[in-house]
Amino acid sequence: QVQLVESGGGLVQAGGSLTLSCAVSGGTISSYAMGWFRQAPGNEREFVAAISRRASATEYADSVKGRFTISRDDAENTEYLQMNSLKAADTAVYYCAADSRASWYSGPSPSIGGYDYWGQGTQVTVSS
């Protein structure tokens, strides 16, 4: 079965940077559109960023645009989220997600329903 495992979360000061990784096993990441979502305590899971197959297009939530960068390394079966200028409001559990149904020309999706595989999450805590 396809498994996604996030890593790289931790504690960082406001204004700092952190990079998250999502390793895919049981499948080939080049076949998937990929995304990142986050969930803070008491809140719904929300969209953060997404990237199409072949990295031809990206999409970002307004709250992170200009600060976060999503990327993928298909040779390493890994997706990344580089987070810069972190704020206390970025504190959440971050989840990577894969859309196994995406075609090579599909655009990235901000919808939770657009993904069929999810990681277990990694905690990011930003101190103010």
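The values are calculated or read from the model by the stated rules, or taken from the named source; none is laboratory data. A quick note: this is a predicted structure, and the numbers were derived from the prediction, not measured. Cβ coordinates were reconstructed from backbone atoms using ideal geometry, including for glycine residues, and neighbour counts include every protein chain displayed. Quick note on the areas: whole protein, heavy atoms, side chains included, nothing else; ligands and nucleic acids left out. Shrake-Rupley method; radii C 1.70, N 1.55, O 1.52, S 1.80 Å.
Structure summary
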{"quantity": "Under Karplus coefficients 6.51, -1.76 and 1.60, residue-wise ³J(HN,Hα) of segment 66-74 in Hz, glycine/proline x", "calculated": "x, 10, 10, 9, 9, 8, 8, 10, 5"}
{"quantity": "Calculated FRET efficiency for the pair Ser17/Asp62, C-beta based, R₀ 22 Å, to 0.05", "calculated": "0.65"}
{"quantity": "Cut-off 18 Å (backbone N to label point 7 Å along Cα→Cβ of Asn84), residues of segment 50-64", "calculated": "50, 58-64"}
{"quantity": "The chain, accessible surface, carbon-and-sulfur percent (1.4 angstrom probe)", "calculated": "46 percent"}
{"quantity": "Span per principal axis, largest first, for the Cα atoms of segment 28-93 (Å)", "calculated": "35, 22, 18"}
{"quantity": "Separation of alpha-carbon centers, segment 52-107 and segment 3-22, rounded to whole Å", "calculated": "12 Å"}
{"quantity": "Note, ³J(HN,Hα) from phi for segment 109-122, Karplus 6.51, -1.76, 1.60, rounded to Hz, x at Gly and Pro", "calculated": "10, x, 8, 4, x, x, 10, 10, 10, 9, x, 7, x, 9"}
{"quantity": "Over the chain: Rg over Rh, Cα atoms, Kirkwood Rh", "calculated": "0.95"}
{"quantity": "Point-charge dipole on Cβ atoms (K/R +1, D/E -1) for segment 54-116, about Cα centre, debye to 20", "calculated": "200 debye"}
{"quantity": "Karplus 3J(HN,Hα) series, Hz, for segment 80-86 with 6.51 cos²θ - 1.76 cosθ + 1.60 (x for Gly, Pro)", "calculated": "10, 9, 8, 10, 10, 6, 5"}
{"quantity": "Top positive-direction residue, dipole computed over the chain with Cβ charges, set Gly121, Val93, Met83", "calculated": "Met83"}
